[in-house]
1. Specify which of the listed residues (68, 125, 55, 78) is at pLDDT 95 or above, within 28 Å of residue 15 (Cα to Cα) and touching a Phe, Trp or Tyr at 6+ places or on another chain (Cβ under 7 Å).
2. Residue check: is residue 19 touching an Asp or Glu at 6+ places or on another chain (Cβ under 8 Å) and at negative phi?
3. What is the residue count in segment 125-134 for residues that are surrounded by 13 or more Cβ atoms within 10 Å (Cβ to Cβ) and either of a type in the set (A, V, I, L, M) or over 11 Å from the mean Cα position of the chain (by Cα) (or both)?
4. Give me a count of the residues in segment 51-87 that are farther than 21 Å from residue 102 by Cα, within 12 Å of the ligand (Cβ to nearest atom) and without any contact (Cβ under 8 Å) to a residue 60 or more places away in the chain.
5. What number of residues within segment 98-131 satisfy the criterion of being more than 16 Å from the ligand (Cβ to nearest atom) and over 19 Å from residue 76 (Cα atoms)?
Amino acid sequence: MIERIDHIGIAVPSIEEARKTWEALGLTVEAVEEVPQEKVRVAMIRCGDSRIELLEPTADDSPVAKFLASRGPGMHHLCLATSDVEGDDRRLRDEGYRVLRDEPTRGAGGHRVQFVHPKSTGGVLLELSEHGDG
Ligand code: CO
């Protein structure tokens, strides 16, 4: 079941530069983490019950590097927290939605995630994230 908006992902060339905007608003970077399987560094910024996730590519062939090259910096994905990412994954597949992974995998923060292609969702890359005990 989808529970809430977990975070909004923003593609940036540099976390060190981009964080200044959010810190100027009084928000705090909670953690910066490298996610090697995605070839990104991510900075999580607390914003009330939700978060802003800055995504900086760590390699030229990173999906986020490709996004920056074609679209420039800006909103990259919307993440919804779910209590059952396997169930959502199955249901979306059954209904013909295009998911990006063969099955939910571990993403930033160790959460289990699946992505839904923007061509399936009216232009929004969706991340579904199950937090478990974390
Ligand atoms: Co995300």
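1. 125
2. No.
3. 5
4. Here the count works out to 5.
5. 2
The values are calculated or read from the model by the stated rules, or taken from the named source; none is laboratory data. Note that this is a predicted model, so its numbers are computed, not measured. All Cβ positions, glycine included, derive from the backbone under ideal geometry; neighbour counts span all protein chains shown.
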